[in-house]
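Asks: First the structure, then my questions, so here it is.
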Amino acid sequence: QVQLVESGGGLVQAGGSLRLSCAASGRTFSSYAMGWFRQAPGKEREFVSAISSNGITTYYVDSVKGRFTISRDNAKNTMYLQMNSLKPEDTAVYYCAQRGGASAGTRSRNYDYWGQGTQVTVSS
């Protein structure tokens, strides 16, 4: 059915920037909300950001507000996460996910499909 493929992860220094991309296929991308989650070693998967199907509504976990920006290009079936002012605490595997409806949400249980993840490592 749905395939989600992340890209753009890598190693950066603290204060640097990365832009993650998530390419989607398999169903009408513009009909579904999307989200980014991350998981650091030994920690539970954490919500990072979400965006409604039309891109109007966005949510962010407090720790990334003002530094990360979520966006989507429905014509390209792609979601993005622009990450600026990166901190070592941002180090994690980042996953994109597609929700079961149009409204953005923060709970992983409400997301139907997941990508394989991309590693983001921030050095100090």
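The values are calculated or read from the model by the stated rules, or taken from the named source; none is laboratory data. Computed from a predicted structure; not experimentally measured. We place every Cβ from the backbone using ideal geometry, glycine too, and count neighbours over all the protein chains shown. Please note that ligands, DNA and RNA were not included when accessible areas were found on the heavy atoms of the full protein model with its side chains. Shrake-Rupley method; radii C 1.70, N 1.55, O 1.52, S 1.80 Å.
Asks: Is the C-alpha gyration tensor of region 1-66 telling us rounded, prolate or oblate? Criteria: a/c under 1.5 is rounded; beyond that, a/b larger than b/c is prolate, otherwise oblate. The partial results should precede the final answer.
Replies: Values: a/c = 1.73, a/b = 1.47, b/c = 1.18.
Cα axes put region 1-66 in the prolate bin.
Asks: Rounded to the nearest 0.05, what FRET efficiency do Q13 and S103 have when you use their Cβ-Cβ distance and R0 = 41 Å? Please report the intermediate quantities before stating the final value.
Replies: Working: r = 37 Å, r/R0 = 0.89.
That gives a FRET efficiency of 0.65.
Asks: Could I ask something else about it? For the chain, with every protein chain kept in place, what is the accessible area per residue (1.4 Å probe, Å²)?
Replies: That works out to 50 Å² per residue.
Asks: Work out how much length Q82 to V2 would gain on full extension: take 0.36 nm times their residue separation and subtract the Cα-Cα distance, in nm to one decimal.
Replies: 26.5 nm
Asks: Check each of the GluC sites (Glu not before Pro) in region 1-73 and keep only those in coil by DSSP with at most 12 other C-beta atoms within 10 angstrom; list them in order.
Replies: Details: sites: E6, E44, E46; in loops: E44.
Sites meeting the loop and neighbour criteria: E44.
Asks: Give me a comma-separated list of calculated 3J(HN,Hα) values for region 113-119, in order, Karplus coefficients 6.51, -1.76, 1.60 applied at θ = phi - 60°, integers in Hz, x for any Gly or Pro.
Replies: 10, 9, x, 7, x, 9, 7
Asks: Which residues in region 1-43 place their backbone N less than 13 Å from a point set 7 Å from the Cα of D73 along the Cα-to-Cβ direction?
Replies: Residues 20-24 qualify, since their backbone N sits under 13 Å from the label point.
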